């Protein structure tokens, strides 16, 4: 299975990086840009008997290591291959 | 009293902690490697500052899974004293031995300066030789020291007295400017509910001789030795 994991700062938690990038984009002339958040993108691969089983495993990976659920939100995509 | 200082790959202040304990305080202190699984007969375990595992993923996130952390969790569950300084604090939060999390400084800058912190609860093993409201001066040096935790949990922590240290100005008053990293409620150090695990961003081991700029760090280490001696 090919997995893509997206980790972003939890909404409502201060995200100074996102804010700094938002300000920089505005300074470059990209008007109206909002809700900028800077996070992590993690790719990984492993063998699993089914997509459902793989998703369950990835969810555990996210809860235990890849994200800190107190301060970060995560979502992932699992593709056979 | 016997102390153990844990060395992770990327620890920086392990030798400084050892120096403060052995050379300045004349304690029986030794280094443990993060792959060790036994804590020996240590009465207090120190997780030092630094950049364990290069701060990969999140500060402290990988160190949390070092073999020694299982033993430390068991030691803490039995009431053993655990002190986490800076990266050690981050590791203890990631390991859920302390509530909350430490995130990027609000300014996005790495901050290296001496700060004033106010003692908020002196009835703990880590603060018992001080008085509530005492101001102590300690150095900080971190990029990720902004303490956050859900508001409801924070209220409960405050009610239980788990906030031990808060950043303030030199006059003892707190406002947004006196919080260097943007921490919620200016939190510089917190304890667990049982008050046997304590994490703080300032470095007491760097404030143990006048030559280093001050000796207020000794008040924390001496509180611990006084607690164990009781």
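Label separation (residue B:193 vs residue A:51): 4.2 nm, computed from points 7 Å beyond Cα along the C-beta direction. Report the per residue volume, in Å³, of the convex hull enclosing the C-alpha atoms of segment B:47-90. With only Cα atoms used, segment B:47-90 gives 58 Å³ per residue. Which percent of the Cα-Cα distances in segment A:2-79 go past 13 Å? For segment A:2-79, the share of Cα pairs beyond 13 Å comes to 69 percent. Build a GNM of chain B with springs between Cα atoms under 10 Å: which of B:166, B:64, B:177 gets the top mean-square fluctuation? Answer for the Gaussian network model of chain B: B:177. Distance between the pseudo-spin-label points of residue B:229 and residue B:65 (7 Å out from Cα toward the beta carbon): 4.3 nm.
The eigenvalues of the Cα gyration tensor, multiplied by 5 and square-rooted, give segment B:107-230 an equivalent ellipsoid with semi-axes of 21, 19, 12 Å from largest to smallest.
Expressed in Å, the radius of gyration and Dmax of the Cα atoms of chain B are 15.8, 45. Relative to the longest principal axis of the Cα atoms of chain A, the long axis of helix A:51-61 lies at roughly 60 degrees. Over all Cα atoms in segment B:72-179, the spread is summed up by Rg and Dmax: 14.3, 41 Å. Here segment B:166-230 is described by how far its Cα atoms reach on the three principal axes: 39, 36, 17 Å, from widest to narrowest. Full extension of the segment from residue B:184 to residue B:152, taken as 0.36 nm per residue of separation minus the current Cα-Cα distance, would add 10.3 nm.
With contacts taken as Cα pairs under 8 Å at a separation of at least 6 residues, chain B carries a relative contact order of 20 percent. The alpha carbons of segment B:1-61 stretch over 37, 24, 12 Å along the principal axes, in descending order.
Peptides B:44-50, B:21-27 ranked from most to least packed, by the mean per-residue count of other Cβ atoms within 10 Å: B:44-50, B:21-27. Packing, as the average of other Cβ atoms within 10 Å across residues, places the peptides B:103-116, B:72-85 in the order B:72-85, B:103-116, highest first. With all pairs of different C-alpha atoms in the average, the Kirkwood value for the hydrodynamic radius of segment B:43-124 is 14.0 Å. Only residues of segment A:1-17 count here: report those whose backbone N is under 14 Å from the spot 7 Å along Cα→Cβ of residue A:79, or say none. From segment A:1-17, the list is A:1-5.
When the Cα convex hull of the protein assembly as shown is projected onto planes of every orientation, the mean area is 18.3 nm². Neighbouring Cβ atoms from other chains, within 10 Å of the Cβ of residues in B:148-154, number 2 on average. Take each residue in B:74-86, count the other chain C-beta atoms within 10 Å of its C-beta, and the mean is 0. Taking Cα atoms only, the orientation of helix A:16-27 departs from the longest principal axis of chain A by about 50 degrees.
Full extension of the chain between residue B:137 and residue B:33 gives 34.4 nm of extra length, using 0.36 nm per residue less the Cα-Cα distance. Taking all Cα pairs closer than 8 Å and separated by 6 or more residues, the relative contact order of segment B:137-230 comes to 29 percent.
Values in this text are rule-based calculations from the coordinates and carry no lab data. It should be emphasised that the depicted structure is a prediction, and the values quoted were computed from it without experimental measurement. When we count neighbours, we look across all protein chains shown, and the Cβ atoms used for this are built from the backbone with ideal geometry, even at glycine.
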